[in-house]
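The values are calculated or read from the model by the stated rules, or taken from the named source; none is laboratory data. Note that the structure is a prediction, hence the values are computed from the model and not measured. FYI the Cβ positions are ideal-geometry reconstructions off the backbone, even for glycines, and counts take in every protein chain you see. Just so you know, the surface numbers come from the protein's heavy atoms only, side chains and all, with ligands and any DNA or RNA stripped out. Shrake-Rupley method; radii C 1.70, N 1.55, O 1.52, S 1.80 Å.
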Amino acid sequence: MLKRNPFRFLVALMAMVTLMTAPAHARVEININKGNVEPLPIAITDFLQGELGQKISDVVAADLKRSGLFAPIAKTAFIEKITNPDAAPRFEDWKVINAQALVTGRVTQEGDGRLKAEFRLWDSFAGQQMAGQQFFTQPENWRRVAHIIADAIYEQITGEKGYFDTRIVYVAESGPKTARKRQLAIMDQDGFNARGITNSNDIVLTPRFSPNKQEITYMSFEGNEPRVYLLQLETGQREVVGNFPGMTFAPRFSPDGQRVIMSLQQDGNANIYTMDLRSRTTTRLTSTAAIDTSPSYSPDGSQIVFESDRGGRQQLYVMSSGGGGQNRISFGDGSYSTPVWSPRGDLIAFTKQSGGKFSIGVMKPDGSGERILTTGFHNEGPTWAPNGRVLMFFRQNAGAGGPQLYSIDLTGYNEQLVQTKGFASDPAWSPLLE
């Protein structure tokens, strides 16, 4: 069994043997590179046995539906009642209701108290099993098993990694607008299992995950001193990244997790620095009289995108990881901010302010192919799902009491509200938990 830290992963979970490999001629697939994709009709039956099995299948269905790529069929339309998930279903009954894919499963309790959850994915029209796996975990972690199953189904049908077994760190906001309390919180990507991870009443901003998932970096105004902190999720221990004479903000990890890149403000301007987390040595990357901030590495660590007002208003620039070759890439109307490089390396997401509104958009690293995905009264702060297909951001509508989190895919058609207990802003998406 894979051993995981109880705070970091909350479960000791193992994917067991694959119950059957997918046949080479299976017909069910989704080409997610075609643009706006028609959702695939899929039937997800209640996992046997009991209430917990139904809960797991409901979470799997909810994950897949939210992706916009799948259309779970109402259970009231099912003709066959699955009584043995190990046996081949009556495929004709599922073809009648146009279930192009079918998911069956079972949940049982082992003698040592652990849950055993197993599923099978069927191609109804080809009459073949496409995939099957089983997992063991503690009963309280059943939701994570559901997310892992949804990821397995997503990957089998789309050919790409899923993003459901992930978490979001964000700024949870509560209280009246004139005395708003902000703390860092973490939750599953679907909004469940939310919990606070800081207790201070001081302002906190821009939390970001480390690539190794054990720590986050963020900015805090604790003691009225703006500083960048590292917080260990495993132990709750935190430390100041460095004591700088000016204000530090917009921290983000390098892809290898060995450095933090950030902006340091001095004498009215701000420049970009990196700090080696082992030696605590800093390197200055920009040197202008402007405000250079919001740096984000490319996935291979060779380039950095950032925002700067050196041309009169905020625009996006790309430079090498050593600071050389600083080139502007945004040239549309309005101003651009909060850039973040896609995990796939193919796009850069950004916030754009134009015509009194705020938009979330994407462009290629050379600045071409700009596309606006959503526009509103105030949208800001995009963050990528680990597969580079979905973005999360925060929005405050006109007259609303506070911001809320939303997700949207790269088509711009599948926008979803992410439910949180109170107001929420500054989301950051974790890598897959593995």
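Which ones in the range 86-122 are among the basic types (Lys, Arg) and surrounded by fewer than 16 Cβ atoms within 10 Å (Cβ to Cβ)? Write out each step before concluding.
Our first condition is that a residue be among the basic types (Lys, Arg); within the range 86-122, this holds for 90, 95, 106, 114, 116, 120.
ARG90, LYS95, LYS116, listed by residue number.
Check the range 370-382 and report whether any residue there is over 16 Å from ARG344 (Cβ atoms), among the hydroxyl-bearing types (Ser, Thr, Tyr), open to solvent by 40 Å² or more (accessible area, probe 1.4 Å) and touching a strand residue (DSSP E or B) at 6+ places or on another chain (Cβ under 8 Å). Yes: the range 370-382 contains one or more residues that are over 16 Å from ARG344 (Cβ atoms), among the hydroxyl-bearing types (Ser, Thr, Tyr), open to solvent by 40 Å² or more (accessible area, probe 1.4 Å) and touching a strand residue (DSSP E or B) at 6+ places or on another chain (Cβ under 8 Å). Going residue by residue through the range 358-365, is there one that turns out to be part of a loop (DSSP other than H, G, I, E, B) and either touching a Leu at 6+ places or on another chain (Cβ under 9 Å) or open to solvent by 50 Å² or more (accessible area, probe 1.4 Å) (or both)? The answer is yes; a qualifying residue exists.
Name the residues in the range 48-61 that are within 15 Å of ASP188 (Cβ to Cβ) and open to solvent by less than 40 Å² (accessible area, probe 1.4 Å), would you?
Kept after step one, since they are within 15 Å of ASP188 (Cβ to Cβ), are these residues of the range 48-61: 55-56, 58-60.
Scanning the range 48-61 gives ILE56, VAL59, VAL60.
In the range 347-355, the count of residues that are over 22 Å from PHE253 (Cβ atoms), part of a strand (DSSP E or B) and of a type in the set (Lys, Arg) is one or more.
From the list LEU205, LEU231, the lone residue that is assigned to a strand (DSSP E or B), over 19 Å from PRO295 (Cα atoms) and of a type outside the set (Asp, Glu) is LEU231.
The residue list GLU155, GLU140 contains one member that is surrounded by fewer than 23 Cβ atoms within 10 Å (Cβ to Cβ), in a helix (DSSP H, G or I) and at pLDDT below 95, which is GLU140.
Considering only the range 253-337, give the strands (runs of 3 or more DSSP E) lying wholly within it that have at least 2 residues that are within 25 Å of GLU239 (Cα to Cα), open to solvent by less than 20 Å² (accessible area, probe 1.4 Å) and touching a residue at least 40 places away in the same chain (Cβ under 8 Å).
Values: elements: 259-266, 269-276, 282-284, 292-297, 303-308, 315-320.
In the range 253-337, the matching strands (runs of 3 or more DSSP E) lie at 259-266, 292-297.
A search for C-beta distances below 7 Å between a residue of the range 156-183 that is more than 22 Å from ARG120 (Cβ to Cβ) and any residue that is open to solvent by 50 Å² or more (accessible area, probe 1.4 Å) and hydrophobic (A, V, I, L, M, F, W, C), counting only pairs 6+ apart in sequence or on different chains, returns VAL171/LEU205; GLU173/PHE423; SER174/PHE423; ARG182/ILE203. Say whether the condition of being surrounded by fewer than 19 Cβ atoms within 10 Å (Cβ to Cβ) and basic (Lys, Arg) is met by at least one residue in the range 195-214. Yes: one or more hits. Among the candidates GLY127, GLY162, GLY175, the residue that is touching a helix residue (DSSP H, G or I) at 6+ places or on another chain (Cβ under 7 Å) and on the phi > 0 side of the Ramachandran plot is uniquely GLY127.
Only residues that are open to solvent by 30 Å² or more (accessible area, probe 1.4 Å) and of a type outside the set (Ser, Thr, Tyr) were counted in the range 215-241, giving 13. Against the list (1) outside any strand (DSSP E or B); (2) crowded, with 17+ Cβ neighbours inside 10 Å; (3) at positive phi, the condition PHE244 fails is (3).
Among the listed residues GLN156, GLN128, which satisfies the condition of being closer than 29 Å to GLU92 by Cα, more than 25 Å from the chain's Cα centre (by Cα) and among the polar types (S, T, N, Q)? Walk me through it before giving the result.
On the way: GLN156 fails: more than 25 Å from the chain's Cα centre (by Cα).
Among GLN156, GLN128, only GLN128 is closer than 29 Å to GLU92 by Cα, more than 25 Å from the chain's Cα centre (by Cα) and among the polar types (S, T, N, Q).
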